[in-house]
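Worksheet: one structure, shown below.
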Amino acid sequence: MRGFLIDLDGTLYTDRGAVPGAVETIAELRRRGIPFLFVTNTTRRSRRRLVERLLGYGFEVSAEEIVTAVVAGARFLKEKGYRKIAPFVSPDTLEDLSQFELVGPLAGSDGAGDGAPDAVVMGDLGGGWTPGLLNQAFRYVLDGAALVALQKDRYWLGPSGLELDAGPYVAAIEYATNKRAAVCGKPEAEFYRAALGLLGVRGRDVAMVGDDLWGDVQGAQRAGLAGWLVRTGKFREDVLRESGVVPDRILDSVADLLEETG
Ligand SMILES: [Mg+2]
């Protein structure tokens, strides 16, 4: 492998802190001059906050090295010409969408006089979701707004165990409106193409390393990269067995990356 795309949550760190050996592994990749980028579907934090968190764990990182689903989403919205956006993302993420006119319940407006949004943008709100918020997203889409999912992951490893990610909530709106969401982050091939473009290495020479079977492993494989699974974060042996997904490699953790590169 001549380059790596590396997932953040569940791969480099969990809510308990950095994965043992991860800081040293990233430092060693840098020392050896092996190209890599961090790619994340996390939508709870802005890119700026992600950098702060990584620095706090001892990782050396700059914002340009992190490709996020939110930044990919902003690019998608701009390409589509959507200007008025109803965001359903955590307040911390709004700064990465500040180039748009933000309307709706999470944009701090009361909705009166906002007019119809061009698009509903859904991310992971976790415990912030309420029936009222989901209903508002549903109504916007039914009234003609495009449905845009920053990501559609099934679950992630939270502080007290596995937690629903954005995917199940996006699926609820899709079901109610009978419309399909446009997805911006992993596992979309477009997301991987953009990341490879930034990395500057051909897909077949690059491994995506992460803890999500579908977003990280299967998505990467479909985009022509190798998909390497780590046994950290949300990893479960039974889910792997029943998924039908066959990772190109399975590492106990990202700390084993160096053994694999020799
Ligand atoms: Mg992950």
Give the residues of segment 203-223 that are in contact with a helix residue (DSSP H, G or I) (Cβ under 7 Å, 6 or more places away or on another chain), of a type outside the set (A, V, I, L, M, F, W, C) and under 25 Å from residue 30 (Cβ atoms), sorted by residue number. 203, 210
Quick one: which of 98, 62 is closer than 30 Å to residue 209 by Cβ and either modelled with pLDDT under 95 or not assigned by TED's automatic domain parsing to the domain that holds residue 195 (or both)? 62
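Go through segment 119-186 and tell me which strands (runs of 3 or more DSSP E), entirely inside it, have 3 or more residues that are within 18 Å of residue 44 (Cβ to Cβ) and out of contact with any helix residue (DSSP H, G or I) (no Cβ under 6 Å at 6 or more places or on another chain).
On the way: elements: 119-122, 146-149, 155-158, 161-164.
The qualifying strands (runs of 3 or more DSSP E) are 155-158, 161-164.
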Look through 242, 163 and report the one residue that is touching a Gly at 6+ places or on another chain (Cβ under 9 Å) and exposed (fewer than 15 other Cβ atoms within 10 Å of the Cβ). 163
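Every residue, every condition in (1) within 16 Å of the ligand (Cβ to nearest atom); (2) more than 13 Å from the chain's Cα centre (by Cα), yes or no:
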position: 11; (1), (2): yes, no
position: 15; (1), (2): yes, yes
position: 26; (1), (2): yes, yes
position: 29; (1), (2): no, yes
position: 38; (1), (2): yes, no
position: 45; (1), (2): yes, no
position: 52; (1), (2): no, yes
position: 58; (1), (2): no, yes
position: 63; (1), (2): no, yes
Residue count for segment 201-232, restricted to those that are within 12 Å of the ligand (Cβ to nearest atom), in contact (Cβ under 8 Å) with a residue 40 or more places away in the chain and open to solvent by less than 20 Å² (accessible area, probe 1.4 Å): 8
What are the pairs, 6+ residues apart or on separate chains, where a residue within segment 34-47 that is on the phi < 0 side of the Ramachandran plot has its Cβ under 6 Å from a residue that is in a strand (DSSP E or B) and polar (S, T, N, Q)? 40/68; 47/68
In segment 1-45, residues that are assigned to a loop (DSSP other than H, G, I, E, B) and open to solvent by less than 40 Å² (accessible area, probe 1.4 Å) total 11
Please give the number of the condition residue 105 fails out of (1) loosely packed, with under 14 Cβ neighbours inside 10 Å; (2) more than 22 Å from residue 190 (Cα to Cα). (1)
Collect the residues in segment 64-92 that are open to solvent by less than 30 Å² (accessible area, probe 1.4 Å) and not in a strand (DSSP E or B), keeping them in residue-number order. 69, 70, 72, 73, 74, 77, 89, 90
Please go through segment 236-262 and pick out each residue that is modelled with pLDDT under 95 and out of contact with any Ser or Thr (no Cβ under 7 Å at 6 or more places or on another chain). 259, 260, 261, 262
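The values are calculated or read from the model by the stated rules, or taken from the named source; none is laboratory data. Since this is a predicted model, take the numbers as computed values, not measurements. Glycine gets a Cβ as well: all are built from the backbone with ideal geometry, and neighbour counts include every protein chain shown. Accessible surface is based on the protein model in full, side chains and every heavy atom, while ligands, DNA and RNA are left aside. Shrake-Rupley method; radii C 1.70, N 1.55, O 1.52, S 1.80 Å.
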